[in-house]
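Report on the structure given below.
The values are calculated or read from the model by the stated rules, or taken from the named source; none is laboratory data. Being a predicted model, the structure only gives us computed values, none of them experimental. When we count neighbours, we look across all protein chains shown, and the Cβ atoms used for this are built from the backbone with ideal geometry, even at glycine.
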Amino acid sequence: MPSIHSKSTGICNERGIALILVLLVIGALSVIILNINYTTRVNIHLSENFRDETKAYFLARGAVEGAIYWLKEDESKYDALCEAGDLTCENEWSLDNPGMEVGDGFVELKIRDEDGKIYINDTKNNHLFNDNANKTSHSQLLLSLKDGLYLDDDVFDSIQDWIDKNEDVFDQGAEEDYYSSLEQPYDIRNGPLLEISELLLIKGIDDKIYFGKNDDYPVGLKDIFTVYSEGKINVNTAPAKVLTALGTDIDGDEIADYRRDTPFETLTDFTTYIKQGQGSFYVKNPASLLVVKSTYFSAYVKVQVHKVTKFVHAVLKREQKSGKVIVSIVFWREE
């Protein structure tokens, strides 16, 4: 007969094995539970992000619709920049929204006039940046602007080469062979810029030149040029550097100070003001280049919903159709 000791040992072994199995099962269940818990939390987080992203999008779209409303309701015959607190200003769209809470989100909106800038794709048969015997009044404007912005010759030459359709290198510019030889090569556009930020791809242009507001370049190219315009510059919203470049003996800073209190309601008001200061335009017919009423505007929106931040840039076009003011979205980018 087996001894009592052997039976006890067998029972202990069985209990030990059972305990190990129980611990293994508990461990496995713990891993499964932790995995389920993690997956659940991730899904909840993703759901919350999706919810907040969706809210942010519709808040941004609502802000753009607000910009459209302000532009449609503006019945003024001219577009000018309002000073904060100026209750007599007719162009309320130009007043920056300080931000407002909407539900559990926060929305900021700024509207900027694109027609206060120079239409960069208007090369006037490739003479816009041209410095030769056949240079036009438009190229005179750009040459004057180049000096006012403290830019090297290769900047405008390279812009010219980027926009024109040929492979002829313009003075100090660059064509396909230059861009293909870079450490990280890319193709030249050889056509109109699609976005103004495309300037950063062009030889001679870096962040300092593009963004400006630094000791070397007080005004950036992004504040001077636009790809959305009908080719005419609004003298009420144009930067002082652009105004100075319009002709000889024209002080853009002085004009900017003057229009702050007395916007130019008609183009005749502006030309008369220039003549009184004994300045002269490069263009023979100012109406071919200048306006006081704008067509294109940029709406910049920032939305914060919990941890989600969304930025939207929408370009709006305002025009008259069948006696009605129509404002449409012609460009939309969100980040």
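Being within 22 Å of the chain's Cα centre (by Cα), modelled with pLDDT of 85 or more and surrounded by fewer than 15 Cβ atoms within 10 Å (Cβ to Cβ): is that true of residue 57 here?
Judged against the criteria, residue 57 is not a match.
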**Message:** Checking the condition β-branched (Val, Ile, Thr) and closer than 24 Å to residue 284 by Cα, which residue from 242, 169, 155 passes?
**Reply:** 242
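Residues checked against (1) at pLDDT 90 or above; (2) surrounded by fewer than 20 Cβ atoms within 10 Å (Cβ to Cβ); (3) touching a Lys or Arg at 6+ places or on another chain (Cβ under 6 Å); (4) not β-branched (Val, Ile, Thr):
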position	(1), (2), (3), (4)
162	yes, no, yes, yes
172	no, yes, no, yes
184	yes, yes, no, yes
207	yes, yes, no, yes
218	no, yes, no, yes
226	yes, no, yes, no
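Looking only at region 140-169, which residues are under 12 Å from residue 188 (Cβ atoms), of a type in the set (A, V, I, L, M, F, W, C) and part of a helix (DSSP H, G or I)?
First, the residues of region 140-169 that are under 12 Å from residue 188 (Cβ atoms): 158-167, 169.
Next cut, of a type in the set (A, V, I, L, M, F, W, C) only: 159, 162-163, 169.
Hits for region 140-169 are 159, 162, 163.
Please specify each residue of region 74-103 satisfying the condition of being over 22 Å from residue 303 (Cβ atoms) and within 20 Å of the chain's Cα centre (by Cα). Lay out the reasoning, then the answer.
Restricting attention to region 74-103, the residues satisfying the condition of being over 22 Å from residue 303 (Cβ atoms) are 74-91.
Correct list: 81 only.
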**Asked** Any chance region 117-139 includes a residue that's touching a Leu at 6+ places or on another chain (Cβ under 9 Å), modelled with pLDDT of 85 or more and in a loop (DSSP other than H, G, I, E, B)?
**Response** yes
**Checklist (1) aromatic (Phe, Trp, Tyr); (2) closer than 29 Å to residue 150 by Cα; (3) at pLDDT 95 or above applied to residue 281, failing item** = (3)
**Prompt:** Exactly one of (1) surrounded by fewer than 17 Cβ atoms within 10 Å (Cβ to Cβ); (2) in contact (Cβ under 8 Å) with a residue 24 or more places away in the chain is unmet by residue 322. Its number?
**Reply:** (2)
**Request:** Among the strands (runs of 3 or more DSSP E) lying completely within region 237-335, list those that include at least 3 residues that are of a type in the set (Ser, Thr, Tyr).
**Result:** 296-305
**Fill in**
Going through (1) more than 17 Å from the chain's Cα centre (by Cα); (2) closer than 17 Å to residue 62 by Cα one by one, residue 314 fails only at (1)
**Request:** Quickly run through region 62-108 and pick out the residues that are among the aliphatic types (A, V, I, L, M) and either in contact with a Ser or Thr (Cβ under 6 Å, 6 or more places away or on another chain) or closer than 19 Å to residue 324 by Cα (or both).
**Result:** 67, 68, 71, 81
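Assess whether residue 239 counts as being out of contact with any Lys or Arg (no Cβ under 6 Å at 6 or more places or on another chain), modelled with pLDDT under 90 and farther than 22 Å from residue 77 by Cβ.
Numbers: out of contact with any Lys or Arg (no Cβ under 6 Å at 6 or more places or on another chain): yes; modelled with pLDDT under 90: no; farther than 22 Å from residue 77 by Cβ: yes.
Spelling it out, it is not the case that residue 239 is out of contact with any Lys or Arg (no Cβ under 6 Å at 6 or more places or on another chain), modelled with pLDDT under 90 and farther than 22 Å from residue 77 by Cβ.
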